[in-house]
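The values are calculated or read from the model by the stated rules, or taken from the named source; none is laboratory data. The shown structure was predicted, so the numbers you read here are calculated from the model rather than taken from an experiment. So basically every Cβ, Gly included, is an ideal-geometry build from the backbone, and we count neighbours across all protein chains shown. Only protein heavy atoms, including side chains, enter the accessible area calculation; ligands, DNA and RNA are left aside. Shrake-Rupley method; radii C 1.70, N 1.55, O 1.52, S 1.80 Å.
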Amino acid sequence: MPTIVVDVMPKPEILDPQGKAIAGALPRLGFTAFEQVRQGKRFELHVEGEVTDQILEQARTAAAELLSNPVIEDVVNVAVLDESEASA
Amino acid sequence: MTTEIPLIGDYSTPGTELNGARIGVVTFPGTLDDVDAARAVRLSGATPVSLWHADEDAAGSLKDLDAVVIPGGFSYGDYLRAGAIARFAPMMDAIAAAAGGEAGSTRGLPVLGICNGFQILTESHLLPGSMIKNDHLHFICRDQALAVENNETAWTRDFAPGQRITIPLKNQDGQYVADEPTLDMLEGEGRVVFRYLDVNPNGSRRDIAGITNAAGNVVGLMPHPEHAVEPGFGPDTEHGLRTGLDGLPFFTSVLSTLASGGAA
């Protein structure tokens, strides 16, 4: 089944307390290479049949109006998931 | 909605001009504080009216109401973002229309959003900004001191300007954020209604605990006035344990506003 992926990230200027907590935990486990962590959200929208331009446009609108809040978040990606990646 | 008789309470008769005011209290799936909010409405001298989020005739249900409270809780489990799904309820469309939309209006329906209700009001774009997780990531529950910085809104006119009050604060996503121009605009227009005192409990920008729309009829705040309205249940004060009643003036304020013929 075709899948549209929507990725939403907190805006760069918005403090991301979850990401900060993860960044604090990483070096405690020996992962010292990572300076900063930002935590976002990934949505997978499953589509019955073919993903038309119109359906993709609907996904973009839904991403802007429901899946993200423009005050604190950016939609960084709306794309059809590659089938080979989906079945992997 | 039934509200039981308080064990301890102020039974003095409210002013006659306040009798008959009907204040709606909205319930969403996951709302927790609707019964407390209804009780606060009753203790202030008005009649609480239960409102359901999915009401098919939401506009009709609001018609003979004088004000609306959107209470706290975890509507839709805070899924997606706090308030993000509740915002699309038919009742919210009706409330937004009755309140006068984003700009508000001096004749608009007074609306008070508490905690999750504040989050729903920001998601609805009735108030600017948004709420993110507390900067320390912990759920917080404490009695919180606030300064009343604007006592000219529909919900604060019974406070003195700059009055220090203490009411409970209890939330996980309580950090108020907005971009700098929005914060400057809020400060410049006197729309910061409440500011945290002594300590910033959640990292909120500029210690902001509550704000209003331009017209002053829509107010949102994170702390809970409805939990400080009757002796025996409020925050501790110098007069004794659980004697704090600083939440009551929120609810009497809107009655004063109505009695004087409109929003502040």
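For the reader, a short list of remarks on this structure follows.
- Scanning the stretch B:57-83 for residues that are under 15 Å from residue B:97 (Cα atoms) and part of a loop (DSSP other than H, G, I, E, B) turns up B:57, B:63, B:64, B:65, B:66.
- Taking the criterion of being over 19 Å from residue B:66 (Cβ atoms) and either among the aromatic types (Phe, Trp, Tyr) or modelled with pLDDT under 95 (or both), the only residue of the stretch B:88-100 that qualifies is B:88.
- Within the stretch A:38-88, restricting attention to residues that are acidic (Asp, Glu) and within 12 Å of chain B (Cβ to nearest Cβ), the residue that is farthest from residue B:85 (Cα to Cα) is A:73.
- Residue pairs whose Cβ atoms lie under 7 Å apart, sitting 6 or more positions apart in sequence or on different chains, and linking a residue in the stretch A:1-25 that is facing chain B (nearest Cβ under 9 Å) to a partner that is basic (Lys, Arg) and open to solvent by 30 Å² or more (accessible area, probe 1.4 Å), are A:10/A:38; A:16/A:38; A:17/B:133; A:18/B:133.
- Elements of the type strands (runs of 3 or more DSSP E) sitting completely within the stretch B:171-216 and holding at least 3 residues that are within 19 Å of residue B:83 (Cβ to Cβ): these cover B:175-177, B:208-212.
- A count restricted to the stretch B:229-255 and to residues that are of a type outside the set (Val, Ile, Thr), farther than 20 Å from residue B:155 by Cα and open to solvent by 30 Å² or more (accessible area, probe 1.4 Å) stands at 8.
- Subset of the stretch B:61-80 that is open to solvent by 20 Å² or more (accessible area, probe 1.4 Å) and not aromatic (Phe, Trp, Tyr) - its residue that is nearest to the other protein chains (Cβ to nearest Cβ): B:80
- Among strands (runs of 3 or more DSSP E) entirely within the stretch B:89-158, having at least 2 residues that are of a type in the set (A, V, I, L, M, F, W, C) and within 14 Å of chain A (Cβ to nearest Cβ) singles out B:130-132.
- So residue A:41, is it open to solvent by 60 Å² or more (accessible area, probe 1.4 Å) and over 20 Å from residue B:203 (Cα atoms): yes
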